[in-house]
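Written out below as structure tokens is the structure these notes cover.
The values are calculated or read from the model by the stated rules, or taken from the named source; none is laboratory data. For clarity, every value in this text was computed on a predicted model and none was experimentally measured. Don't worry about glycine lacking a Cβ; one is built from the backbone with ideal geometry, like all the others, and counts go over all protein chains shown.
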Amino acid sequence: MSFSKLTRRGLIKTSAVAGAGLALPTYLRADAHAGYTNAPTGDTVTLGFNVPQTGSYAEEGLDELRAQELAVQHLNGEGDGGMLNTFSSKALKGNGILGKKVTFVTGDTQTKSDAARASAQSMIQKDGAIMINGGSSSGVAVAVQGLCQDSGIIFMAGLTHSNDTTGKDRKRNGFRHFFNAYMSAAALAPVLKNAYGSERRAYHLTADYTWGWTQQESIAAATEAVGWETVNNVLTPLQATDFSAYLAPIQNSGADVLVLNEYGGDMVNSLTQAVQFGLLDKEVNGKKFEIVVPLYSELMAAGAGPNVQGVIGSMNWNWQLQDEGSKAFTKSFGEKYGRPPSNSAHTCYVQTLLYADACERAGTFNPCGVVEALEGFEFDGMGNGPVLYRADDHQCFKDVLVMKGTENPSNEYDTLEIVEVTPRAQVEYDPDHPMFAGGDLGECNPGA
Amino acid sequence: MDAILLQIINGLDKGSAYALIALGLTLIFGTLGVVNFAHGALFMIGAFCSVTLQKILTISTISIDETQKDFLGRPLEVKTPIIENWFGPDIGGAIINWSVPLAIVFAIPVMLVIGYVMERGLIKHFYKRPHADQILVTFGLAIVLQEVIKYFYGANPIPTPAPDAFRGSFDFGALLGLDTALAYPYWRLVYFAFSAVIIAAVFAFLQFTTFGMVVRAGMADRETVGLLGIDIDRRFTIMFGIAAAVAGLAGVMYAPINSPNYHMGMDFLVLSFVVVVVGGMGSLPGAVLAGFMLGILQSFASMNEIKAILPGIDQIIIYVVAIIILLTRPRGLMGRKGVMEE
């Protein structure tokens with residue numbers, strides 16, 4: 001082998017061509033400059049808001065979208081700034097994120113896992129979304145969280161209440177600000193004991209999917225711990241229109257409490273029909289019969305109308321809170337849209353600001369930098385008092401609200417009232433708690 | 001025993017809704033030969049007639065109450081229904097309270113017109129097309145109708161309560177001298193009685209009026225009736241309107257049982273088709289019989305004792321029964337020879 005024909009000039013030319021050839025694919029993928037998926041290259045950054053715009057949760061999706069739009073305005077320095085004024089972190093200056101103006105695209109989850117994945121995929125691949133936020137179902141949240149993990153995108157969950165989202169299905173790229181079924185149960189059990197006594201027999205109707213199962217497991221364990229007995233647990237199909245066949249057997253079951261582990265239209269229908277069956281007028285075992293709805297929502301309470309009156313449940317947040325952050329958000333939202341925000345709107349708004357703040361503090365949009373900035377992050381001023389984004393499972397820990405249907409509503413938004421703000425310490429649990437076991441965050445995936 | 005009794009009563013009101021929808025479907029199929037997938041949407045529109053009348057009756061004047069605050073701390077806007085201003089709070093309040101029964105009067109002309117417009121405007125153009133085309137166009141129409149309702153009323157269920165007089169439940173246990181409670185909501189009993197009246201009225205109309213006789217003759221042999229110089233098409237169009245009104249009335253009275261939402265029609269549609277097929281295509285008594293039978297069977301399948309032996313049976317019982325009946329009686333329970341067989 002001879003190198004006699006290889007000149008110095010030839011070597012440089014060959015190296016330059018080879019180098020350009022190797023670099024070309026990388027150059028054509030703009031995001032690869034920074035080593036992560038959808039790295040913003042211009043003067044804007046795109047967020048993807050994936051909410052139910054059709055289907056039975058469309059009203060919740062619409063409210064989430066309103067809040068997300070408001071968050072983008074505040075990030076870009078428009079409007080009154082909302083919670084940016086009360087947020088304990090002062091990294092956000094109202095000039096977008098890392099100096100880039102925030103834009104957004106939206107997708108329709110249809111409250112179906114496959115449709116939600118498809119719309120998130122489209123926003124990531126076609127629109128260059130760097131973060132996905134939103135949703136009103138745990139099935140959707142788990143599916144989209146998995147997709148974001150695989151794609152190297154940050155997922156800031158919306159309304160998802162199943163233990164699994166930050167339990168067995170937790171992912172390093174996924175974060176949940178909303179509370180979960182365990183926390184609802186931990187907050188509710190002492191209030192239920194005080195209100196209805198410790199010798200109660202509970203009959204559960206449970207939506208037959210991931211959220212219903214974990215909700216039932218959590219509330220049954222918590223109420224049994226305060227002395228209640230679980231008489232029966234009946235799984236009901238999703239979107240059942242008529243619950244009469246499931247409600248009728250309760251009358252002679254010996255139960256004196258009905259726990260409705262149902263959400264959305266199912267909650268509205270089951271509660272309405274339970275009231276029609278006269279359950280709340282009954283007296284069993286010498287006690288007044290009671291109904292408990294572990295997860296409340298303002299929009300569902302409005303759908304159930306007067307049937308929610310006096311019924312106890314829990315919420316992540318409510319516009320009636322009087323801390324500065326809640327007041328600022330309710331004012332911004334109320335003045336813009338003429339109605340108070342729901343708790344799903346609140347969680348989406350907060351999640352969007354938290355993501356933006358994490359980027360600012362990390363100094364990058366790189367998902368791994370954002371993950372590092374969010375893990376173990378403690379903040380205040382966004383409702384619910386001091387909050388911790390726990391590093392072990394990416395679950396936010398904060399105060400939980402126990403609510404009751406307003407007995408004498410004074411206006412159309414006066415459907416629920418705050419019974420108790422349960423302190424954070426009472427709803428905390430170990431990351432390896434059996435109800436959350438089997439999950440592994442895995443490694444951060446920057447994609448690209 | 002009491003549990004069985006309760007599930008029979010339970011099945012009757014569910015069966016009432018199935019029977020009313022299936023009756024309308026069969027009327028349309030028997031007269032016009034059209035497989036109407038928009039029929040569930042007519043049920044839904046009926047329920048929204050209740051919602052609409054409630055909204056009309058609660059149109060309010062707004063006054064500012066400085067002593068109360070809204071959610072932003074501004075003086076509260078107090079709404080007073082105009083009807084209460086006109087008739088006083090007692091009579092006005094009672095009219096609003098009875099909005100669902102009053103909606104029957106409101107819904108009949110509305111549903112007749114909707115049925116007439118649907119038939120003349122769209123469906124008549126598909127009479128000579130294959131059933132697959134009819135299914136596609138009526139299914140598309142159903143989606144359009146539900147999206148229109150969603151646009152105007154939103155996706156959330158809208159509470160539409162029954163009159164206060166019918167709130168609460170009736171204890172069958174006490175009536176029958178049983179020790180156990182067998183409470184059943186008053187409004188569901190009203191719904192069952194209402195359905196029985198509507199079904200009887202439709203049968204009486206077909207059986208005892210000249211118009212009904214001609215329609216029955218047309219259902220049996222359309223060509224011959226036409227040759228006698230009778231404008232059978234016009235009568236069939238009117239029957240479409242009546243079928244729409246029957247579905248609508250089923251929806252009006254169902255509103256207090258399930259808060260109406262835009263997709264409630266789809267929830268009933270598939271089951272109602274199964275009811276029609278089990279009852280026998282084109283057979284009106286078959287539709288009613290199958291409606292009640294499947295309603296009661298579905299209630300029994302939801303019993304905890306049954307589900308403990310066969311988990312999930314409540315979800316599939318109707319289809320299992322449909323398969324068994326179609327295997328043993330291919331024309332359904334009371335199907336006529338020659339219908340859907342050419």
Exercise for review: Check whether at least one residue in region B:228-250 is within 14 Å of another protein chain (Cβ to nearest Cβ) and touching an Asp or Glu at 6+ places or on another chain (Cβ under 6 Å), and report yes or no.
Suggested key: no
Study note, to complete from the structure: Counting only residues in region A:190-199 that are free of Cβ contacts under 8 Å to residues at least 40 places away in the same chain and in a helix (DSSP H, G or I), the one farthest from A:MET435 (Cα to Cα) is identified as A:ASN194
Revision key, fill the gap. Residue set A:CYS348, A:CYS359; condition touching a Phe, Trp or Tyr at 6+ places or on another chain (Cβ under 7 Å) and part of a helix (DSSP H, G or I); output residue A:CYS359
Review point. Restricting attention to region A:94-106, does a residue exist that is in a loop (DSSP other than H, G, I, E, B), hydrophobic (A, V, I, L, M, F, W, C), in the same structural domain as A:GLU64 (by TED's automatic domain parsing) and buried (at least 24 other Cβ atoms within 10 Å of the Cβ)?
Key: no
Study note, to complete from the structure: Picked from region B:55-70 (must be surrounded by 14 or more Cβ atoms within 10 Å (Cβ to Cβ) and touching a Ser or Thr at 6+ places or on another chain (Cβ under 7 Å)), the residue nearest to the other protein chains (Cβ to nearest Cβ) is B:SER60
Review point. Could you say whether any residue in region B:39-49 is in a helix (DSSP H, G or I) and without any contact (Cβ under 8 Å) to a residue 24 or more places away in the chain?
Key: no
Review point. Checking A:ASN307 against (1) within 14 Å of chain B (Cβ to nearest Cβ); (2) in contact with an Asp or Glu (Cβ under 7 Å, 6 or more places away or on another chain), which single condition isn't satisfied?
Key: (2)
Check your understanding: Considering only residues of region A:233-276 that are polar (S, T, N, Q) and out of contact with any helix residue (DSSP H, G or I) (no Cβ under 7 Å at 6 or more places or on another chain), which is modelled with the lowest pLDDT?
Key -> A:GLN251
**Study point:** Check on B:LEU327, free of Cβ contacts under 8 Å to residues at least 24 places away in the same chain, surrounded by fewer than 24 Cβ atoms within 10 Å (Cβ to Cβ), part of a helix (DSSP H, G or I) and over 18 Å from the mean Cα position of the chain (by Cα)
**Key:** yes
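Table: residues versus (1) in a helix (DSSP H, G or I); (2) surrounded by fewer than 12 Cβ atoms within 10 Å (Cβ to Cβ); (3) touching a Phe, Trp or Tyr at 6+ places or on another chain (Cβ under 9 Å).
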residue: B:MET213; (1), (2), (3): yes, no, no
residue: B:ARG216; (1), (2), (3): yes, no, no
residue: B:GLU223; (1), (2), (3): yes, yes, no
residue: B:ARG235; (1), (2), (3): yes, no, yes
residue: B:ALA243; (1), (2), (3): yes, no, no
residue: B:VAL246; (1), (2), (3): yes, no, no
residue: B:LEU249; (1), (2), (3): yes, no, yes
Exercise for review: Take the residues in region A:413-443 that are part of a loop (DSSP other than H, G, I, E, B) and of a type in the set (Ser, Thr, Tyr), then tell me which one is modelled with the lowest pLDDT.
Suggested key: A:TYR413
Review point. Just wondering, is there one or more residues in region B:262-270 that are small (Gly, Ala, Ser) and within 14 Å of chain A (Cβ to nearest Cβ)?
Key: yes
Point to revise | Filter result (part of a loop (DSSP other than H, G, I, E, B) and either within 8 Å of chain A (Cβ to nearest Cβ) or touching a Ser or Thr at 6+ places or on another chain (Cβ under 7 Å) (or both)) within region B:163-177 | key: B:ARG167, B:GLY168
**Study point:** Tally of residues being touching a residue at least 60 places away in the same chain (Cβ under 8 Å), crowded, with 24+ Cβ neighbours inside 10 Å and within 10 Å of chain B (Cβ to nearest Cβ) across region A:218-269
**Key:** 2
**Study point:** Members of region B:168-200 found to be more than 19 Å from the chain's Cα centre (by Cα) and over 21 Å from A:TYR246 (Cβ atoms), listed by number
**Key:** B:ALA174, B:LEU175, B:LEU176, B:GLY177, B:LEU178, B:ASP179
Review point. In region B:131-157, what count of residues is obtained for those that are modelled with pLDDT of 90 or more, within 13 Å of chain A (Cβ to nearest Cβ) and crowded, with 21+ Cβ neighbours inside 10 Å?
Key: 2
Practice item. Name the residue, out of A:GLU417, A:GLU378, A:GLU407, A:GLU412, that is within 30 Å of A:GLY447 (Cβ to Cβ) and either in contact with a Ser or Thr (Cβ under 7 Å, 6 or more places away or on another chain) or among the acidic types (Asp, Glu) (or both). Key: A:GLU378
